[in-house]
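A short write-up of the structure that comes next.
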Amino acid sequence: MMKIKLFSIAMILILLSACAKESKPSTASQKHNDISSELKVIMHELNMVIYDRYDSELDKDNTRRRGAMKLGTSVKDISIQIQKIQIHKDLKKQDPVLFKKYAKELYNRGDTIYNQAYNYELDKLDNSYKNIQKTCKTCHKEFRKKKK
Ligand code: HEC
């Protein structure tokens with residue numbers, strides 16, 4: 001009795017998984033959308049990291065220092081994700097090598113701000129923060145299409 005029950009549950013599961021596969025077409029455009037939305041999700045994360053966590057006006061040095069360290073760590077993590085992303089066909093430029101170069105530059109700038117914060121070089125943080133934003137802008141200028 002028990003065996004039959006288990007068997008039918010197994011059958012249902014197999015059938016369900018077959019259906020799930022069928023209802024998910026992996027056409028080229030589907031794939032393209034995935035890559036595009038993946039990049040967008042990462043970019044939103046990056047945006048939050050950049051604009052929420054670093055406050056140059058904060059006069060509490062320790063808070064600033066820890067904020068900059070967190071920011072550096074997150075920027076590095078996200079840069080690694082960006083380096084793995086395949087650029088999609090709607091971008092302004094189709095140059096994966098250049099794209100990766102900017103992603104690596106972002107990583108290095110994240111590393112710089114982290115190390116400066118770690119070493120209490122707080123007077124350097126604002127400049128490094130601006131350099132991170134420069135990298136965002138440079139890559140956007142090359143790869144992002146203008147909003148219609
Ligand atoms: C290696 C290149 C590169 C770097 C570096 C980069 N971006 Fe982007 N970003 C892109 C591309 C390409 C798009 C357009 C994505 C699309 O339309 O699919 C984009 C889009 C965005 C968007 C809009 C997402 C949307 O929903 O359309 C935001 C916000 C953003 N980036 C923030 C940032 C911030 C903040 C930084 C710097 C900390 C940064 N980006 C660094 C390549 C980059």
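Rule-based calculations on the coordinates, nothing more; no lab input. Keep in mind that this is a model prediction, so the values were computed, not measured.
Could you sort out which of K40/K70; K40/K137; K70/K101 sit more than 18 Å apart by Cα distance in this structure?
Long pairs (Cα-Cα over 18 Å): K40/K70; K70/K101.
D for the stretch 52-148, whole µm²/s, Stokes-Einstein with Kirkwood Rh over alpha-carbon pairs at 10 °C and 1.306 mPa s: what number?
Translational D for this selection: 112 µm²/s.
Starting from the Cα gyration tensor of the stretch 102-148, multiply each eigenvalue by 5, take the square root, and state the resulting semi-axes largest first in whole Å.
26, 10, 5
Can you list the HN-Hα couplings for the stretch 93-109, worked out from phi with the Karplus curve (6.51, -1.76, 1.60; θ = phi - 60°), rounded to whole Hz and with x for Gly and Pro?
Running phi through 6.51 cos²θ - 1.76 cosθ + 1.60 with θ = phi - 60° gives 10, 10, 9, x, 5, 5, 4, 5, 4, 5, 4, 5, 4, 4, 4, 4, 6 Hz.
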